[in-house]
Amino acid sequence: MPVRTRVAVIGAGPAGLLLSHLLGRHGIESVVVDSRSRVEIETTIRAGILEQGTVEILSGSGASDRVLTAGHRHEGIELRFDGEGHRIDFTGSVGRAVWLYPQHEVLKDLIAARLTAGQDLRFGVTAERVEGAETDRPRVLARDAGGHTVEIEADVVVGADGSRSVVRETVTGAYGGSFREYPFAWFGILCEAPPSSEELIYSNSPDGFALISRRGPGVQRMYFQCDPGTDAEAYTEERLWEILRSRVPGVTLNEGPVFQRDVLRFRSFVAHEMRRGRVVLVGDAAHTVPPTGAKGMNLAVADVVVLTEALRALLLDGDESLFGAFSDTARQRVWKAQHFSWWMTSMLHRQPGASDFDHWRQLGELRSVVESAAGRAYLAEGYTGWPLAR
Ligand code: PHB
């Protein structure tokens, strides 16, 4: 017997869980499935910066109170280059801020909210394909942990299943999307140490980029630009600290045991279409940004805000106009975020084979940002996030 619901959501990441939560507030029922276990979802370390609009949605909708109590408000960042730090004052320039609150904490809050509301949330259920996109009863065919087939029939199917989405091809067909690869990656570490800086430091150094971020009083997150083919295990801890120190000249890093290391790939992708018939893509299933602008999870939330309104109009009022425009509306912000992420990346990283000219031009660009109120405001506006369509 197929499971019947109004909205079938594939993927219990930030996009899928928040969509289900916001729909629930309009009385629209949904079923969320994810191939992973709850423990895996709640413990995988991902990004950490939430735009002000993301925080307002999470706290204002009752999805998370903890973001305000356990998260940390950051009113600026430091851009470092040529041996000096320059503060970008977010609140001073645009009256907005960001919050440092790790993605897996957002997920814990959203999962708890879904389960408390008695919603149908199924872990260990792997979607295999979506059928009937062009009908008004699309179906998800999935398999549970015991190998049994699960069929979910809905009014709308949403692919919120990340960058390896199984739904994407149903929506984009052979056209796919716009894609860009970068000739570098980030080496990320988590270490046990006190914070080295109150605010995040984005550093352009002659040897390449580094980011000094943080997680809590005793755990810090840091990254440095590396070759995409780097083997994360190939470095001694001593070597990792040597590299990090050389990338933030003038800053004293508090060092400590490194207990996690990973290499993050750098890519940009935007699906040409985010909707086909009654099947929709949101979040990483539809687009990927390089992490320099801290936009990934925030873009997923922005998609969901647009989609919630469209589904409310479609499913409660029978009005198809917002739903029909969903892809065009969502892609406008996606491309602004793509540009911002690309800009931050290109301004801060060392391109392999960069010439003397390229290096000095980059410092000129950084100076033109930090020494101008308009430049600082432009960066602050993009980083803290443009207003959400509501
Ligand atoms: C992080 O803390 O993981 C982080 C912060 C800012 C970024 C990317 C990652 O731009």
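Just a few scattered comments:
- Among ALA185, ALA234, ALA117, residue whose mean-square fluctuation peaks in a GNM of the chain (springs only between Cα atoms under 10 Å): ALA234
- Cα-centre dipole for the chain with unit charges at Cβ (Lys and Arg positive, Asp and Glu negative), debye to 20: 340
- Signed unit charges on C-beta, dipole axis of the chain, positive-most listed residue GLY76, PRO138, THR126: PRO138
- Taking other C-beta atoms within 10 Å as the exposure proxy, MET222, MET347 rank MET347, MET222 from fewest upward.
- Among GLU273, GLU242, GLU29, the residue with the largest mean-square fluctuation in a Gaussian network model of the chain, with springs joining Cα atoms closer than 10 Å, is GLU242.
- Angle in degrees between helix 237-247 and the longest Cα principal axis of the chain, rounded to the nearest 10: 70
- Residue of GLY124, GLY16, GLY53 that the Gaussian network model of the chain assigns the largest fluctuation, springs spanning Cα pairs under 10 Å: GLY124
- Those trypsin sites (Lys or Arg not before Pro) in the range 91-154 that DSSP places in a loop and that have at most 15 other beta carbons within 10 Å: none
- Charge-dipole axis of the chain as Lys and Arg at +1 and Asp and Glu at -1 on Cβ define it, positive-most pick from TRP360, VAL289, GLY229: VAL289
- Scoring 145-155, 83-93, 307-317 by mean Cβ neighbours within 10 Å over their residues and listing the highest first yields 307-317, 83-93, 145-155.
- What you get for the range 214-272, charging only the Cβ of Lys and Arg (+1) and of Asp and Glu (-1), is a dipole of about 360 debye around the Cα centre.
- Student exercise, the range 175-239 dipole from Lys, Arg, Asp, Glu Cβ charges, in Debye to nearest 20: 260
- Over the range 185-264: Rg over Rh, Cα atoms, Kirkwood Rh: 0.92
- Loop-resident trypsin sites (Lys or Arg not before Pro) (DSSP state other than H, G, I, E or B) in the range 158-203 with no more than 10 further Cβ atoms inside 10 Å of their Cβ: ARG164.
- Separation of the range 221-263 and the range 127-193, taken as the distance between their Cα centroids, equals 33 angstrom.
- In percent, rounded to a whole number, the relative contact order of the chain is 20, using alpha-carbon pairs under 8 Å and six or more apart.
No lab work stands behind these numbers, since they all come straight from the coordinates. As the structure is a computational prediction, the values presented were derived from the model and not from experiment. Here Cβ is always computed from backbone atoms with ideal geometry, including for glycine, and neighbour counts include all displayed protein chains.
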